[in-house]
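Before any comments, here is the structure.
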Amino acid sequence: MSIEVRNVTKHFGDFGALKNVSLEVRTGELVALLGPSGSGKTTLLRIIAGLEVPDPGEGLILLNGEDVTVRHAGSRQVGFVFQHYALFRHMTVFENVAFGLRVRPARQRPSKTEIRQRVMRLLKLVQLDWLADRYPGQLSGGQRQRVALARALAIEPKLLLLDEPFGALDARIREELRRWLRRLHDELHVTSVFVTHDQEEALEVADRVVIMNEGRIEQTGTPEEVFHHPASEFVIEFLGHVNIFHGRIEGDKAIFGPLEVEYSDSPTDVVLPARGLVRPYHFDLALEAGGKPGFRATILHINAAAPQVKIELLSDTGQSVHVELPHDRYHELGLAVSQTVFVTPREINVFVDNRAAAVPA
Ligand code: ATP
């Protein structure tokens with residue numbers, strides 16, 4: 001089932017939770033709504049589900065091209081999974097998954113045998129068929145969440161909506177479950193939208209990521225697109241640690257204190273305030289100034305117990321800088337705390353009036 005959200009605005013009292021949001025999800029896609037707390041992710045998910053409606057006259061929801069904006073949730077063939085598994089505690093795993101089928105009106109209800117087959121097939125799919133007779137209280141958090149997914153899938157939804165499905169679990173289980181969700185989706189191809197505030201989770205699992213901020217969509221794209229071509233400062237900052245340099249565009253140069261790079265996108269010869277954003281792994285360090293754009297800094301701290309060596313420095317101009325180097329490079333340079341080095345960026349994202357341009361340095 002395809003989804004189209006068209007110009008949706010939603011207020012709670014005076015507060016604008018969604019501001020003219022538009023989004024398309026293709027049939028069979030797995031899309032992540034990613035953003036900080038309060039950015040409107042859950043509100044958008046609930047509007048797609050039919051649990052909330054947009055402000056009157058302020059937007060449409062189309063499912064498979066059909067306007068369902070004011071149609072209630074029950075008719076949308078949606079399966080839900082929430083952060084807190086909300087399983088029925090007095091029912092076994094089997095009964096929990098069968099529930100959605102058993103409560104159907106008699107004419108639409110599958111036979112007992114069919115229900116049994118369907119539930120066991122789903123429990124196999126989520127690798128829990130061996131726990132069918134247990135009660136939720138006898139399961140781990142990850143297992144409970146997989147039961148919740150099987151239960152949502154039992155009604156054969158056309159749309160699967162997941163709100164922070166792994167939010168309550170510890171980091172290692174989250175990682176395992178998100179890979180598992182991706183595999184499950186590849187098998188079933190149910191159009192799925194999931195809410196998360198965890199960028200790694202969104203980038204690893206989704207076909208496309210929708211980044212939200214203060215009730216608006218900042219950027220929509222594949223994980224690679226949003227990661228390598230962030231459309232705004234918000235996106236680049238939200239997707240990982242970044243060093244920010246304040247400066248200006250002057251003619252064909254972007255000048256950030258000691259960092260000066262070519263900048264050909266300047267519309268006029270006036271001076272414009274700008275910011276240069278550099279990811280820690282887009283820096284290299286050198287023992288001598290090598291004629292490249294860069295600046296001098298002193299090493300304050302080194303953490304080599306990570307996939308990349310994390311180095312904290314203080315530039316001569318007083319700016320704190322975070323750099324990540326491959327271990328090979330770190331050993332080659334023989335770096336130590338208090339040493340003075342030269343910091344050179346390989347890539348700077350320049351933002352002028354919130355306009356982005358990636359500039360190789
Ligand atoms: P989180 O990650 O914390 O769940 P979110 O991005 O999902 O955040 P929403 O739950 O969509 O954000 O909420 C967006 C804003 O709307 C928040 O500021 C929230 O307080 C407000 N809001 C949401 N639901 C209601 C409601 N029923 N009544 C009043 N305000 C609400």
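The values are calculated or read from the model by the stated rules, or taken from the named source; none is laboratory data. Keep in mind it's a predicted model, so treat the numbers as computed, not measured. Ideal geometry is used to build each Cβ from the backbone, glycine not excepted, and the neighbour counts take in all protein chains shown. Ligands, DNA and RNA are excluded from the accessible area calculation, which covers all protein heavy atoms including side chains. Shrake-Rupley method; radii C 1.70, N 1.55, O 1.52, S 1.80 Å.
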Give the lysines whose C-alpha is closer than 29 Å to that of Lys10, dropping any in the same chain fewer than 8 places away, or say none.
Lys19, Lys41, Lys158
Tell me, what ³J(HN,Hα) does each residue in region 279-286 have, in order and in whole Hz, if you take phi through Karplus 6.51 cos²θ - 1.76 cosθ + 1.60 with θ = phi - 60° and put x for Gly and Pro?
5, x, 8, 8, 9, 10, 10, 9
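Run lengths n ≥ 4 of DSSP H only: what is the helix-derived mean residue ellipticity at 222 nm for the chain, with -39500 (n - 2.57) per run over all residues, to the nearest 500?
Numbers: 9 runs with 91 residues, N = 361.
Counting only the DSSP helices, I get -7500 deg cm²/dmol.
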How far is the Cα center of region 294-336 from the Cα center of region 93-171, in Å?
49
With charges set only on the Cβ (+1 for Lys and Arg, -1 for Asp and Glu), what does the dipole of region 3-238 come to about its Cα centre, in debye to the nearest 20?
1560
Give the accessible area for Tyr330 in Å² (nearest 10); use a 1.4 Å probe, count only protein heavy atoms, and leave out ligands, DNA and RNA.
40
Can you send over the solvent-accessible area of Leu277, 1.4 Å probe, protein chains only, in Å² to the nearest 10?
0
Give the residue from Gly35, Leu259, Gly167 lying farthest towards the positive end of the charge dipole for the chain; charges sit on Cβ (+1 for Lys and Arg, -1 for Asp and Glu) and the dipole is referred to the Cα centre.
Gly167
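Can you put Asp67, Asp207 in order of accessible area, largest first, using a 1.4 Å probe? Could the numbers behind the result be given before it?
On the way: Asp67 80, Asp207 55 Å².
Listed by decreasing accessible area, they come as Asp67, Asp207.
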With the cut-off at 1.5 for a/c, could you classify region 243-360 from its C-alpha gyration tensor as rounded, prolate or oblate?
prolate
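Using a 1.4 angstrom probe on the protein heavy atoms only, line up Arg121, Arg216, Arg182, Arg6 by accessible area, largest first. Don't jump to the answer; show the numbers that get you there.
Working: Arg121 150, Arg216 125, Arg182 50, Arg6 95 Å².
Result, largest first: Arg121, Arg216, Arg6, Arg182.
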Please enumerate, by chain and number, the lysines with C-alpha under 25 Å from the C-alpha of Lys253, excluding those fewer than 8 residues away in the same chain.
Lys292
Counting only residues 5 or more apart in sequence or on a different chain, those whose built amide H sits under 5 Å from that of Glu52 are Ile47
Could you tell me which of Val119, Leu139, His11 has its Cα farthest along the dipole of region 3-238 towards the positive end, charges placed at Cβ (Lys, Arg +1; Asp, Glu -1), taken about the Cα centre?
Val119
In debye to the nearest 20, the charge dipole size for region 58-140, taken about the Cα centre with +1 at each Lys and Arg Cβ and -1 at each Asp and Glu Cβ, equals 440
Residue among Ile302, Ile211, Ile47 with the largest mean-square fluctuation in a Gaussian network model of the chain, springs linking Cα atoms under 10 Å:
Ile302
Mind grabbing the accessible area of Asp316 for me, 1.4 Å probe, Å², rounded to tens?
90
With a 1.4 Å probe and all protein chains left in place, how much of the accessible area of the chain comes from carbon and sulfur atoms, in whole percent?
50
